[in-house]
Amino acid sequence: MNTSKRFDVHCHLFNLDYVFQEAQPMAIYYLFTSVFGEANSKTSQGRIEDIWHYLKKVFDALVVLKGDPATQYYHIQQSFKEVFSKDETICVAPLMMDIFYMFDGILNSRHCAEESPDCLNISKEEAADIILGKVKAYISGMSGKLPEAQINSYINSLENADNLNSEAEKYDFGLAFMSPGYLAQFLALNAMKLLYPKTLFPFLAFDPRRPGIMSLVNNYTGKGKPFSGIKLYTRLGYHPDNKDMKPLYDYCQKNGVPIIVHTSNGGFPPWDDWKYGDYVNPAQWKNVLKDYPDLIIDFAHFGVGGEGWQDTIISLMKTYKNVYADISCYTDTKSLLEAKSYWDNEEIVKERLMFGTDYVMTELNVELNKYFQNFLNIFGNKDMDTLMLTNPNKFLKNGD
Ligand SMILES: [Zn+2]
């Protein structure tokens, strides 16, 4: 690890490509497993509309994301150089997303109760075609909102999703279930890691519901591997105490592989009053940390928006030597000043807090150069060095 380089420990290099590719297999998974009660060989128009209703919300939330991973990476570099140092390259930790199981727990409540059995008249193949048609129509409908080239590239990668499989042949996924969107992200970040081995430190998305996921963790995360750490998103419906998380914690603690867990009162799924909203509460980690006191963990977004979450994170920092937080997605000055007051009043925060952008998500709210500038204005050069350099280098000490 090059300790002289500054870090953005939390960003994302993807656009809607990945979500579009994931949409059809996600829909099929929900339509033809026991999510809607009994597993059936046929489905109904109503159930398809249910799924589409939620898929569309996810597309709508992300529709403005621009560029591809390579141009997004370049954009982070340019914005950083503009504000900090034109001769320096910033190291970035792009985090994968895994939304495949996002709708667990919501889809079983709408249609199926009032449906009569003769509504179930659509086969798996027909359903797959219907969903694909809807995704394509959605993409075409983006015309005018995004450059034509980007829209064409979305259609292209959707139609040529099979090409990914030949690219995937050189990897050993073991028994892991690789849905096309997940696979596309995995391959894109692997390819970029080859181009930028010293400045790119990707994090693999882990969801305990994804079959065989530990094969990926074992084969591709840790020292000398393409992925430097693990990204968790418990808001999507799994608790930190879930028994299927244990192999992950064993591996991460043993090998010094850091974990970044989404910790803000918002995000995906993109709706409020969400039944798994409190899974994000850092207090949910007390048992895990008791069992795995050396786990290296970053509570992303420093618990913003949660009642008392910052205080919980600080008390975990004081108890456990490898507990960190990042201030990513702090796009407004008010929340950044709030973080600054914790910084000023708590010594431990100065040792454990890290800088992150959450770009490309921040593109929804603010230009990236302004984001960098706002941090510099509030924290000043010396503290920015601690946030961007000292603390991330401790967090990622086994990163490469
Ligand atoms: Zn993020």
- Query: Quick one: length gained pulling Lys5 to Ser166 fully straight, 0.36 nm per residue minus the C-alpha distance?
  - Reply: 54.4 nm
- Note on the structure: Excluding residues fewer than 8 positions from Lys370 in its own chain, the aspartates and glutamates with Cα under 12 Å of it are Glu82, Asp332
- Message: Output wanted: per-residue J couplings in Hz (rounded whole) for region 208-216, from phi through Karplus 6.51 cos²θ - 1.76 cosθ + 1.60, θ = phi - 60°, x for Gly and Pro.
- Response: x, 7, 7, x, x, 4, 5, 4, 5
- Query: Which of the lysines could a cross-linker bridge to Lys246, judged by Cα under 16 Å and excluding same-chain residues fewer than eight apart?
  - Reply: Lys231, Lys254, Lys286, Lys290
- Item | Whole-Å distance, taken between Cα centres, linking region 66-108 and region 250-308 | 20
- Message: Per residue, how big is the convex hull of region 145-247 when only Cα atoms are used? Give it in Å³.
- Response: 143
- Note on the structure: Semi-axes in Å, largest first, for region 223-292 (Cα gyration tensor, √(5λ)) are 23, 15, 9
- How do Thr263, Thr89, Thr390 stack up against each other in accessible area, from largest to smallest, with a 1.4 angstrom probe? Thr390, Thr89, Thr263
- Do any of Lys81/Lys318; Lys81/Lys136; Lys81/Lys145; Lys145/Lys394 go past 31 Å between their Cα atoms, and which? Lys81/Lys318; Lys81/Lys136; Lys145/Lys394
- Message: Leaving ligands and nucleic acids out of the surface, order Trp343, Trp274 by accessible area at 1.4 Å, largest first.
- Response: Trp274, Trp343
- Query: So which lysines can Lys170 reach, going by Cα to Cα under 17 Å and dropping same-chain residues fewer than 8 places off?
  - Reply: Lys193, Lys225
- State, in angstrom, two size descriptors of region 176-327 derived from its alpha carbons: Rg to one decimal place and Dmax to the nearest whole number. 15.2, 42
- Query: Looking at region 311-350 from every direction and averaging, what is the projected area of its Cα convex hull in nm²?
  - Reply: 2.8
- Which value in Å is the Kirkwood Rh of region 335-400 over different Cα pairs? 12.8
- With the convex hull built on the Cα atoms of region 265-400, state its orientation-averaged projected area in nm². 8.8
- Task: Could you tell me what fraction of 2.2 N^0.38 Å the Cα radius of gyration of region 225-266 comes to, as a two-decimal ratio?
- Result: 1.22
- For the chain, diffusion coefficient by Stokes-Einstein and Kirkwood Rh (Cα), 37 °C, 0.692 mPa s, µm²/s: 150
- Query: Based solely on its DSSP helices, what 222 nm [θ] is calculated for the chain when runs of n ≥ 4 H residues each add -39,500 (n - 2.57) and the sum is averaged over all residues, nearest 500 deg cm²/dmol?
  - Reply: -14000 deg cm²/dmol
- Given 0.36 nm per residue, what is the gain on full extension from Thr319 to Ile348 after removing their alpha carbon distance, in nm? 9.4 nm
- Note on the structure: On the accessible surface of the chain, probed at 1.4 Å with all protein chains in place, carbon and sulfur together account for a percent value of 50
- Would you kindly state how much longer the chain becomes between Met142 and Asn218 on full extension, computed as 0.36 nm times their sequence separation minus their alpha carbon distance, in nm to one decimal? 23.4 nm
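The values are calculated or read from the model by the stated rules, or taken from the named source; none is laboratory data. These numbers come from a predicted model, not from an experiment. Accessible surface is based on the protein model in full, side chains and every heavy atom, while ligands, DNA and RNA are left aside. Shrake-Rupley method; radii C 1.70, N 1.55, O 1.52, S 1.80 Å.
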